[in-house]
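Just below is one structure, and these are the notes that go with it.
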2 protein chains.
Amino acid sequence: MIDARLITLRVFARCGTIGATAELTGYSPSAVSAQLRELQRMLGMQLLTKDGRGVRLTATGRFLVAGSDTLIAEWESLRAAAMEAGDQVQSHFGLGGFSTAAAQLLAPLAATLRSTRPLLEVQVLEANPARCFDLLVAERIDLAVIVAMQSDTYGEDDPRFEQTVLLDDPLDVIIPADHPLASRQTVTLEELASEPWITEAAGSTYHALFTAAFTAVGVTPRIAHEAVEWETQIAFVGAGLGVGLLPRLAPLHNAENVVRLRITGKGKPARRIVAAVRRGSIASPLIQESLGILQVRANRILAARPEDDL
Amino acid sequence: MIDARLITLRVFARCGTIGATAELTGYSPSAVSAQLRELQRMLGMQLLTKDGRGVRLTATGRFLVAGSDTLIAEWESLRAAAMEAGDQVQSHFGLGGFSTAAAQLLAPLAATLRSTRPLLEVQVLEANPARCFDLLVAERIDLAVIVAMQSDTYGEDDPRFEQTVLLDDPLDVIIPADHPLASRQTVTLEELASEPWITEAAGSTYHALFTAAFTAVGVTPRIAHEAVEWETQIAFVGAGLGVGLLPRLAPLHNAENVVRLRITGKGKPARRIVAAVRRGSIASPLIQESLGILQVRANRILAARPEDDL
DNA sequence: ATAACCGTGCACAATAGGTGCATGATCGAT
DNA sequence: ATCGATCATGCACCTATTGTGCACGGTTAT
C-alpha cells in the first residue's frame, strides 16, 4: 500500500549499498537505482548523494526514512484492524527464522496454518536474525523467529518492529564421552575454563552469545577451533578436539562420543528466542493466531524440560 | 506515495459510484473498477458489494477508508516536514477554487508563485467548493479556496482537511437603478422583503447562503427568477426583473441600470472564504508561502473597504 | 598499475495498467 | 410490461511503466 519505492529506500537505509538492497528486495541493482531516482523525482527531493564509489542518504533522505517508520506502522495497524474488523483472510504469509527455530517452531507453525487455513499460502525463509529483520523491512516476510541479541542494532524499542518473547533456550555444554567430566550431570563454566573451546566464527550470530556467557562468569576461554554448523561442531567435539556450547533446542541426534551436560552456577547462559513482526501488524488476526501457536509450542518445549531449567 | 488504489477507494467513498469516481480521478470507469478489484485482491479484503445496479462499500471498506484519513495526513505531514527540513522544491502545485476566488485570490497567487518559483508548475482548476474538496481527496489539487458552508458535509473538523479563514466577503444587494431605494446608501433585508428576488438554482452552492441570510432575519423572500452566473443575475436585475444578492468580491463591472447597496441591520449576511488543504500538508513550505500570499491579498481587500464593513 | 567494487545508463523485454466498447443487470418511467 | 437510462464489468487491444542484462566510468584497495 505504501509505495514500493519508499520500502526500497528504507531497505537501502539499512544496507547502505544499492547492490545489497537489490539482493534483499529481489530486484536488480539497475531497478533499485531507477526506483530511487524516480522516488526523488516524484517527491522533488534529493535523497541520495554520491559518496566515494557508492551513494549515501542525504539529511532529507534520513529524515524521510526515520519519519516513515510511524507511517508504515500506521498502515500495518490499519490493515490489521481492518482484517480483524472484517473477519477477512490473508492470502500470503511470509515467515522467517534461523535453522533451529525453523525446525522446532516455524515448521510446526507452517503445518498448523496449512491445516487451519487451507487457502493461505505460507512461505518460510530460513535466514539469520539480522537478515530476518531486513526481510521484515523489505516486506518479504511478515513474521520472524529470531535470537534476541543484546548487541543487536535492532533494540527492543525499534519503531519498526514489535517483539514477543517465546522462550529462553539454555545453552548446554557438549564434551567428549571420554572426558573426565563426562559422567557428571551438571557442570559450571569455571570448571571448563582451561578446556580448548570450539565455537563459531567471530562475527557470527552465536559467537556473541558465546563470549557473553563467559564474560558473565569472568572467564576467558581458549578458542581452539571454529565451526559454522552445529553438526560440524558436534563432530569436532566427538573427535576429542575440545568442548563446546550447544543450545538445548539443537538436537544432538546420536552423535558418537559426545555427551551433553547442563550448566549450573551463576552463569547459566541462554539465548532468548523472540518473535518479531512489523510494528502495527501485531493486531492482525493471522499474526495473533501465529503468535498463539508459537507460544503453545514454546510452552510445550518448556514443559518437557526438568523443572530445574526454568 | 500512498498507493493510488487507496486514493481511488477514498474518492469512491465520497462519490458512491464508479462512474463519478472515474470522472473525478480522471480515469475511465473500467480502470476504477479494475483498480478496486486489484486493491481487494492484494489486501485480501472484500471492500465492495453489489448494491442494486451499483456497488457500495462493505463494513471493512468503510473501516479502511475512515482509518486511512490519519494515514494520508501522516504522509502529508511527513512530506511537508521533509521538504521543510531539506529546503527542497516542489515541481507541481495544484490549486482549486470557485470563480470569484479564482479571479481575486488564486490568479494573483499563481502569478506570484510563478515569479518567485520559476520552475514550479502551477495548475489552477476552477471548481465549486464541494468539488474542490473532492479534488483535494483525489490529490488532483493541493490547495483550494472555497466558501465555507455551514450545511457542508465537510465540517471544520473533518480529519481529511485543514482550513484557514481568509476573509469574510459580505453580500450586497443589487437593485435596478430606477428602484425607489436606489438612491440609498444602505438598506436592510426587511425593507426588501416583498421584492421579487433573483437567486441561483436551489441546491447550488450559493443558494444556501441566500436562504441562510433571510432566515437570519426571519423573512421569507419570494423567488422570481433563477440564474446560474452572476452576470446573468446582474442582467436580470438591470432589466428590472427583481433584486438580488451579490458578494462584494463579485465585480459589477459597468452594468447598466444596476445599483449596489450595502446591507445593514442584524442580518449582515456574508460568505466566509477559507483556504483548505489536505491535513498534514499545511507545514509544507510551499503551502505556507501560498497561505501567506493569500492572507496578504485578503488583508489588502479588507483594507480597501470602508471601515464599517468589518 | 591493476583488480575489485559500486552505481548508472542503455537497449530490450515483460507486464502492469490504461482505454473503448460491448454486455448484463437493475431501476424508473411511460 | 416495455423501454430507456444508469452502472458496473469483462474483453481485446494498446501504452508506458518498470524490470533485466550488460557495458561503462569512477573510486578504492592491493
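Results, tabulated for the structure shown:
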read-out	value
Å² per residue, accessible surface of segment A:1-88 at 1.4 Å	44
Of A:Arg14, A:Arg53, A:Arg184, the one that fluctuates the most in a GNM where chain A has Cα springs shorter than 10 Å	A:Arg53
Separation of alpha-carbon centers, segment B:219-260 and segment A:209-241, rounded to whole Å	94
For segment B:18-97 and segment A:2-75, distance of Cα centres in Å	24
Residues in segment B:65-82 reached by a label modelled at A:Ala66 [backbone nitrogen below 15 Å; 7 Å Cα→Cβ]	B:78-79, B:81-82
Environment charge of B:Gln123, counting only residues whose C-beta is closer than 13 Å and scoring Lys/Arg +1, Asp/Glu -1	-2
Rotational relation B to A, axis-closest Cβ in chain B, residue and distance rounded to whole Å	B:Glu74, 3
Net charge dipole size for segment A:1-88 [Lys, Arg +1 and Asp, Glu -1 on Cβ; Debye, nearest 20]	620
Spin-label pair A:Arg300/B:Leu181, simplified geometry with 7 Å Cα→Cβ offset, distance in nm	8.7
B:Trp230 accessible area, assembled protein chains, probe 1.4 Å, Å²	40
For the protein assembly as shown, size of Cβ-based charge dipole, Lys and Arg +1, Asp and Glu -1, in debye	460
At 7 Å out from Cα toward Cβ: B:Gln46 inter-copy label distances (nm, ascending)	5.2
Virtual spin-label span in nm between B:Ala107 and B:Ser194, 7 Å along Cα→Cβ	4.1
Percent accessible area from carbon and sulfur atoms, segment B:1-88, protein chains only, probe 1.4 Å	49
Cα gyration tensor shape of segment A:168-270, rounded if a/c is under 1.5, else prolate or oblate by comparing a/b with b/c	rounded
Helix-only [θ]222 nm of chain A, DSSP H runs n ≥ 4, -39500 (n - 2.57) each, per residue, nearest 500	-12500 deg cm²/dmol
Inter-copy spacing of B:Ala130 label points, which lie 7 Å from Cα along Cα→Cβ, given in nm from shortest upward	6.0
Total accessible surface hidden between B and A, rounded to 100 Å², 1.4 Å probe	2500
Cut-off 20 Å, label 7 Å out along Cα→Cβ of B:Leu120, residues of segment A:18-50 by amide N	A:40-47
Equivalent ellipsoid semi-axes, segment A:1-88, via Cα gyration tensor eigenvalues times 5, rooted, Å	27, 14, 11
Using a Förster distance of 45 Å, the FRET efficiency for A:Glu231-A:Met42 (Cβ separation, nearest 0.05)	0.35
Total charge dipole magnitude, chain B, about the Cα centre, Cβ charges on Lys, Arg, Asp, Glu only, Debye to nearest 20	660
Exam field: B:Thr164 pseudo-label spacings to other copies (7 Å along Cα-Cβ), nanometres	4.6
Chain B: most fluctuating residue of B:Leu48, B:Leu245, B:Leu294 per GNM, C-alpha cutoff 10 Å	B:Leu48
Residue-normalised accessible area of segment A:168-270, given per residue in Å² at a 1.4 Å probe	46
Chain A: most fluctuating residue of A:Ala250, A:Ala213, A:Ala239 per GNM, C-alpha cutoff 10 Å	A:Ala239
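The values are calculated or read from the model by the stated rules, or taken from the named source; none is laboratory data. Just so it is clear, the model here is predicted, and its values are computed rather than measured. Because the Cβ atoms are built from the backbone with ideal geometry, glycine has one as well, and the counts that use them run over all protein chains shown. All accessible areas refer to the heavy atoms of the entire protein, side chains included, with ligands and DNA or RNA removed. Shrake-Rupley method; radii C 1.70, N 1.55, O 1.52, S 1.80 Å.
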